[in-house]
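Read the structure below first, then the notes.
The values are calculated or read from the model by the stated rules, or taken from the named source; none is laboratory data. Quick caveat: nothing in here was measured; it's all calculated off a predicted structure. Here Cβ is always computed from backbone atoms with ideal geometry, including for glycine, and neighbour counts include all displayed protein chains. The protein model used for the area step is the full one, side chains on, heavy atoms only, and it has no ligands, DNA or RNA in it. Shrake-Rupley method; radii C 1.70, N 1.55, O 1.52, S 1.80 Å.
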Amino acid sequence: MKQHIIALSNQKGGVGKTTCTRELGIYLASIGKTVLVIDTDPQGNLTKSLLDEPEPGLYEALTGASFNLLLGYPGMYILSGDVRLALLEKSLIGEMDAYIRVKELLASEVFSHYDYILFDTPPSLGVLTINALTAA
């Protein structure tokens, strides 16, 4: 099985990255694909649009803590994001592996069964966006 990893990115906010990520994920899940959407935006709008309450997600996954992959729609799971990602991004600057952390995370067995992994990125070309682009 070939896994497809797609990052939806634009340096401008309000252009539909979150909506496209969510709707593409829902469509792919509706045709029988297993989908993971990852919210790399500290604003967490993808997470807010799919979950009632944020759960341990990308922040925990990147800091080595326990995280949850939650069902956001039948067949589509989410690795949630929140404001703590902004603090994490600042702490990663200058680290040797700062730009490949997410790629290394996705190499884990827990992510291997998804047909599609979709990233919603922040409206900037910062560490989190580069991580998503590198993983894709």
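Selection of the range 96-113 for residues being within 14 Å of Thr40 (Cβ to Cβ) and either part of a helix (DSSP H, G or I) or of a type in the set (D, E, K, R) (or both) yields Arg101, Val102, Lys103, Leu105, Leu106. State all residues of the range 95-125 that are in contact with an Asp or Glu (Cβ under 9 Å, 6 or more places away or on another chain) and among the acidic types (Asp, Glu); if no residue qualifies, say none. If the condition is that a residue be in contact with an Asp or Glu (Cβ under 9 Å, 6 or more places away or on another chain) and among the acidic types (Asp, Glu), then Asp97, Glu104, Asp120 are the ones that fit. Within the range 81-107, residues that are among the charged types (D, E, K, R) sit with their Cβ atoms under 6 Å from residues that are in a helix (DSSP H, G or I), at 6+ positions apart or across chains, in these pairs: Arg84/Tyr59; Glu89/Val127; Glu89/Leu128; Arg101/Leu62; Arg101/Asn131; Lys103/Thr134; Lys103/Ala135. Only residues that are surrounded by 13 or more Cβ atoms within 10 Å (Cβ to Cβ) and farther than 15 Å from Ile38 by Cα: list them for the range 101-115, please. Selection gives nothing. Looking only at residues of the range 25-55 that are closer than 9 Å to Ser80 by Cβ and open to solvent by less than 50 Å² (accessible area, probe 1.4 Å), we find that the one that is nearest to the chain's Cα centre (by Cα) is Ile38.
Would you check which residues across the range 84-100 are more than 16 Å from Ala136 (Cβ to Cβ) and surrounded by 14 or more Cβ atoms within 10 Å (Cβ to Cβ) and list them? Passing the criteria: Arg84, Leu85, Ala86, Leu88, Glu89, Leu92, Ala98. Can you find a residue in the range 115-128 that is without any contact (Cβ under 8 Å) to a residue 24 or more places away in the chain, over 22 Å from Lys48 (Cβ atoms), out of contact with any strand residue (DSSP E or B) (no Cβ under 7 Å at 6 or more places or on another chain) and not charged (D, E, K, R)? Scanning the range 115-128 turns up no residue that is without any contact (Cβ under 8 Å) to a residue 24 or more places away in the chain, over 22 Å from Lys48 (Cβ atoms), out of contact with any strand residue (DSSP E or B) (no Cβ under 7 Å at 6 or more places or on another chain) and not charged (D, E, K, R).
Residues are listed down the side, and each one gets a yes or a no for (1) in contact with a strand residue (DSSP E or B) (Cβ under 7 Å, 6 or more places away or on another chain); (2) of a type in the set (S, T, N, Q); (3) within 18 Å of Ala107 (Cβ to Cβ); (4) without any contact (Cβ under 8 Å) to a residue 24 or more places away in the chain:
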site: Glu23; (1), (2), (3), (4): no, no, no, yes
site: Thr40; (1), (2), (3), (4): yes, yes, yes, no
site: Glu55; (1), (2), (3), (4): yes, no, no, no
site: Thr63; (1), (2), (3), (4): no, yes, yes, no
site: Asn68; (1), (2), (3), (4): no, yes, no, yes
site: Gly72; (1), (2), (3), (4): yes, no, no, no
